[in-house]
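The values are calculated or read from the model by the stated rules, or taken from the named source; none is laboratory data. Here the structure is a predicted model, which means the values were calculated and not measured. Please note: Cβ atoms are built from the backbone with ideal geometry, for glycine as well, and neighbour counts cover all protein chains shown. Surface areas here come from the heavy atoms of the whole protein model, side chains and all, with no ligands, DNA or RNA. Shrake-Rupley method; radii C 1.70, N 1.55, O 1.52, S 1.80 Å.
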Amino acid sequence: MDVDMEERQIQARFVTKLNPPFKAPPSAITIPATVTRLGLSTIVNSLIKAGDPEWETQPFDFLIDGELVRMSLDRFLLAKGISAEKTLEIEYIKAVVPRKEEEPSLHDDWVSAVDGSCSRFILTGCYDGFGRVWKGAGVCTHILEGHTDAITSVSVINPLGDVTLATASKDRTLRLWKMDSEGVEDSPAKIRPFKILRGHNASVGSVAAQASGSMICSGSWDCRVNLWQTDESSAEGDSVSVKKRKTKNGTEEPQLEGVPVSTLVGHTQQVSSLIWPDRDTIYSASWDHTIRRWDAETGKDVSSIICGRPFNCLSVGGEGSTLVAAGGSTPILRIWDPRKPGTSAPVYQFSSHTSWISACQWHSKSWFHLLSASYDGKVMLWDLRTAWPVSVIESHEDKVLCADWWKEDCVISGGRDSKLRISSGVPVL
């Protein structure tokens, strides 16, 4: 039986949704039943190269009936109950693996926060109390000065024009900064916050912006979620005071201070992560083992997801931007679909990490792809169509504390090794 299986041949046709020059001839060919993903990739590259001598070899992944092949072909067909007697249709896509590891961008302490939502720059937060703006690998254009303790979370509020940035810190404050993202100098420009937000009585661990940019929310070790106005003028419910701050040359300039517009109360332990995906909805994750969905207008706790362990991170995306991904004090990345009844049970679980998960983030343009970062020193890229990571990035020398996507085809991450790493050329789309 084993000998027969080893000699067995299968009729297969390779198809793709990729544009030329990625298309192989559509005719069926005979391939070994025991071929693996690497072997399939070799076959497709050979088929394309036969019609295009200038073709350069590319890594591919393969789908059968919408599921990624992660074992030998015969084992996959047996596991899925798919007949090998008829011609198989095998779809190939670009393998989601980084093409290049950029040079590290060095910081003076742990890189605890990163935001890649603006394609023009990367925003990082560091345990030395400074925020930094990077145009690319090793190119720091701005330094944000003002916090008196470690920065724990960062957010880009306005990605166009004069950018507004938000930072959260262990010094119990949030700070807002204005920056001209086009102004690049030979040495980093040092900027001060235009507004300080006070209202938490413990370390602030997370900040997230409303899509319009008019408000942000913050989560703290005081178990509360505060909502804030981001503009420079006073709004209803937003008490803004103006104080004088001495500059280095001895002159005084105004310094705005704001207090919360409202507070969401319900968590019983640290609020570790926040998402504000649309105008009316805020998601919060906490060490009290819950993810809560809030009505931002009324402040009411609309629904909860309960897990048996503390949460560290949270992301909303995937199909219809409705899937909730979260990780925490276990090596398992879990995904829930709130649209389905009985949402206390995750619809996906990924368990390839070996330590706590510190960050997770959906790709903004893909229903299938997301990333996770862990204290095991790895960043993993996931595709919902397989239980195994499609790529493992091991560029850090210590715990990875934060990670995000940048420019749609780059993975950015920061860690205890005091480095921002950029893994570029990740062909998700």
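Just a few scattered comments:
- If you go through segment 29-52 and keep only what is more than 16 Å from V15 (Cβ to Cβ) and open to solvent by 50 Å² or more (accessible area, probe 1.4 Å), you end up with T30, P32, T34, T36, R37, L38, T42, S46, K49, A50.
- Residue count for segment 355-381, restricted to those that are open to solvent by less than 30 Å² (accessible area, probe 1.4 Å) and assigned to a strand (DSSP E or B): 14.
- Residue check, R293 surrounded by fewer than 22 Cβ atoms within 10 Å (Cβ to Cβ), modelled with pLDDT under 95 and either under 16 Å from the mean Cα position of the chain (by Cα) or farther than 20 Å from S112 by Cα (or both): no
- Test: residue in segment 260-270 that is small (G, A, S) and at pLDDT 95 or above: yes
- Summed over segment 198-217, the residues that are hydroxyl-bearing (S, T, Y) and closer than 16 Å to Q269 by Cβ give a count of 2.
- Filter result for S303 (surrounded by fewer than 17 Cβ atoms within 10 Å (Cβ to Cβ), of a type in the set (S, T, Y) and not in a loop (DSSP other than H, G, I, E, B)): yes
- When segment 158-177 is filtered for residues that are farther than 16 Å from W221 by Cβ and either among the polar types (S, T, N, Q) or open to solvent by 10 Å² or more (accessible area, probe 1.4 Å) (or both), the ones remaining, listed by number, are N158, P159, L160, G161, D162, T164, T167, R175.
- Residue pairs whose Cβ atoms lie under 8 Å apart, separated by 6 or more positions or on different chains, with the first residue in segment 273-291 and on the phi > 0 side of the Ramachandran plot and the second surrounded by 24 or more Cβ atoms within 10 Å (Cβ to Cβ) and not basic (K, R), are H289/F311.
- S352, sole failed condition from (1) under 17 Å from D61 (Cβ atoms); (2) open to solvent by less than 10 Å² (accessible area, probe 1.4 Å); (3) among the hydroxyl-bearing types (S, T, Y): (2)
- Taken as a whole, the structure leaves S344 outside the set of residues that are of a type in the set (S, T, N, Q), in contact with a strand residue (DSSP E or B) (Cβ under 9 Å, 6 or more places away or on another chain) and at pLDDT 95 or above.
- Scope segment 332-345; condition open to solvent by 40 Å² or more (accessible area, probe 1.4 Å), over 17 Å from the mean Cα position of the chain (by Cα) and in contact (Cβ under 8 Å) with a residue 12 or more places away in the chain; matching residues: P338, R339, S344
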